[in-house]
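Working notes, structure below.
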Amino acid sequence: MATQYQARELQLPPASPEAVPYWDAAAEGRLLVKHCDACGRSHHYPRTLCPLCGSDRTTWQQADGRGVIYALSVTRRGTPTPYAMAYVQLPEGVTLMTNIVDCDLDALRIGDPVEVVFVPATGGQKIPMFRPLQTRDA
Ligand SMILES: [Zn+2]
């Protein structure tokens, strides 16, 4: 059985001043990751002080936009439309809690390659989400 993704009402997460550039970039179709120049690691959700070493030498980097499903849960009950929550690991070294969209929810598997898409929330702000990686020959 297939469960096709359907668009649903999306609310924005609470705004954090330190994440404003993240949301501005998402509105332009770009995914940003916060990188720490002191310890050389990236983190998410974006913060001014690196949560890994406490340094304030953090900078924005544009992510490649591809990742891999690390954990997955399809919600079918108590919601008007089923949807897939997932943790997606990026090659930049961070894991994002997100939704997987534009797909058969029943066909998703941990380890699947995915790519970022920007889905408008109520009010128009775009939220980075992921869909199965579209290969040219598929
Ligand atoms: Zn650091």
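Starting from the Cα of Ala38, step 7 Å along the direction of its Cβ; do the same at Ser16; then give the gap between the two resulting points in nm.
1.7 nm
Quick one: length gained pulling Arg109 to Arg30 fully straight, 0.36 nm per residue minus the C-alpha distance?
Details: separation 79, 0.36 × 79 = 28.44 nm, distance 2.54 nm.
Working it through step by step, the gained length comes to 25.9 nm.
What is the Cα radius of gyration of segment 18-132 over 2.2 N^0.38 Å, N being its residue count?
1.11
Where does the charge balance sit around Thr58 when Lys and Arg score +1, Asp and Glu -1, over other residues with C-beta under 11 Å from its C-beta?
On the way: positive: Lys34, Arg41, Arg47, Arg57; negative: Glu18, Asp37, Asp56.
Residues close to Thr58 contribute a combined charge of +1.
Sequence-distant or interchain residues sharing an amide H contact under 5 Å with Tyr83, placed H: which?
Under 5 Å from the amide H of Tyr83 lie the amide H atoms of Thr75, each far enough along the sequence or on another chain.
Label Arg47 and Glu9 with points 7 Å out from Cα along Cα→Cβ: what is the distance between them in nm?
Output for this residue pair reads 3.3 nm.
Could you run the Debye sum over the Cα atoms of segment 1-84, one equal point scatterer each and no solvent, and tell me log10 of I(q)/I(0) at q = 0.14, 0.16, 0.17, 0.20 Å⁻¹, two decimals?
-0.67, -0.81, -0.88, -1.03
In deg cm²/dmol and to the nearest 500, what is the mean residue ellipticity at 222 nm of the chain if only DSSP H runs of at least 4 residues count, each as -39500 (n - 2.57), divided by the residue total? Please list the in-between numbers first.
Details: 1 runs with 8 residues, N = 138.
So the calculated ellipticity at 222 nm is -1500 deg cm²/dmol.
Please state, as a whole number in µm²/s, the translational diffusion coefficient that the Stokes-Einstein equation yields for segment 74-114 at 37 °C and 0.692 mPa s, with Rh defined as the Kirkwood radius across alpha carbon pairs.
On the way: Rh = 11.3 Å.
Answer from the Stokes-Einstein relation: 291 µm²/s.
Estimate the FRET efficiency between Thr59 and Thr79 by the formula 1/(1 + (r/R0)^6), using the beta-carbon distance for r and 35 Å for R0, to the nearest 0.05. It would help to have the intermediate numbers written out before the result.
On the way: r = 38 Å, r/R0 = 1.08.
Efficiency for this residue pair is about 0.40.
Bear in mind that the values in this text are calculations on the coordinates, not laboratory data. This is a predicted model, so every value here is computed, not measured. All Cβ positions, glycine included, derive from the backbone under ideal geometry; neighbour counts span all protein chains shown.
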